[in-house]
Amino acid sequence: MRVAEAGGGLVVGEDGLKRCSWGASHDDYRAYHDLEWGRAVHGETWLFERITLEAFQSGLAWITILRKRENFRAAFLDFDAEKVAAFGEDDVARLLADAGIVRNRAKIDAAVRNARAVLEVRSSVEGGLDALIWSFAPAKPAPAPRRIGDVPATTPESAALAKALKRHGFAFVGPTTAYAAMQACGLVNDHFAGCHARAAAGAGAAAKKITRGAADGRR
């Protein structure tokens, strides 16, 4: 989700709550904004999923990806990196024929390559993908943005994260995609000042560790 492309400001919903304007534009966005976006995300599978979906968003509206998310999870076997890393040409052909996801060969190839990179990080970095990504959380949270112009598309930290991911073999993870993942996973908190969801969102390195998916056994 790239906030810099989504419009800015706060709106007051029918429930009386103030939200970032993009979070009130559709019911799907409202749930994602209120309950997911910006909250601390930990765990290899969940982070691999976020990186993959942010890469698939490139050139598209986030709502397109959000509405297809369950299809992506089914197609990519719940983003189990070991299973996706084993995908071959038959699997790629299956994905290219799956109308439930975004059928882009370069992005599909990148997802498989990135699964293999996740395994490389698992073996070469103590703490794996979680530790690698969270090592780029800013030590000091930025001030709460008040307008869209306050929200960057990239930061020095996102550029460094993208560089580190590419060094480990990841593809489709430039500084803009890396920053969008940082926003989504709570490494930064770009909810606007006054947004009701801001307090529950992450705060960079100080964010609480929440391992999503623990109940269903996902890493």
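The values are calculated or read from the model by the stated rules, or taken from the named source; none is laboratory data. Given the structure is predicted, the values throughout are model-derived calculations rather than measurements. Positions of Cβ are generated from backbone atoms using ideal geometry, with glycine treated the same way; all protein chains shown enter the neighbour counts.
Things to note:
- Residue list for the stretch 74-85, filter: outside any helix (DSSP H, G or I) and either in contact (Cβ under 8 Å) with a residue 40 or more places away in the chain or over 21 Å from Gly59 (Cβ atoms) (or both): Asp80
- Output for the stretch 142-157, where each listed residue is part of a helix (DSSP H, G or I), more than 19 Å from Ala197 (Cα to Cα), touching a residue at least 24 places away in the same chain (Cβ under 8 Å) and not acidic (Asp, Glu): Gly149
- Annotation note: of Phe48, Phe72, Phe56, Phe87, the sole residue that is within 25 Å of Lys166 (Cα to Cα), among the aromatic types (Phe, Trp, Tyr) and touching a Lys or Arg at 6+ places or on another chain (Cβ under 8 Å) is Phe56.
- Some residue of the stretch 86-106 being in a helix (DSSP H, G or I), under 30 Å from His191 (Cα atoms) and more than 12 Å from the chain's Cα centre (by Cα): no
- Selection count, the stretch 47-86, where residues are within 15 Å of Tyr32 (Cα to Cα), of a type in the set (A, V, I, L, M, F, W, C) and surrounded by fewer than 17 Cβ atoms within 10 Å (Cβ to Cβ): 1
- Condition met for Val173 (crowded, with 20+ Cβ neighbours inside 10 Å, modelled with pLDDT of 95 or more and within 18 Å of Ala40 (Cβ to Cβ)): no
- Inside the stretch 80-100, residues that are over 22 Å from Gly43 (Cα atoms) and small (Gly, Ala, Ser) make up a count of 5.
- A single entry from Gly43, Gly127, Gly38 fulfils the requirement of being out of contact with any strand residue (DSSP E or B) (no Cβ under 7 Å at 6 or more places or on another chain), at positive phi, in contact (Cβ under 8 Å) with a residue 12 or more places away in the chain and not basic (Lys, Arg): Gly38.
- Candidates are the residues of the stretch 6-46 that are surrounded by 16 or more Cβ atoms within 10 Å (Cβ to Cβ) and of a type in the set (Asp, Glu); the one that is farthest from the chain's Cα centre (by Cα) is Asp34.
- Any hit, the stretch 118-141, residues being polar (S, T, N, Q) and in a helix (DSSP H, G or I): yes
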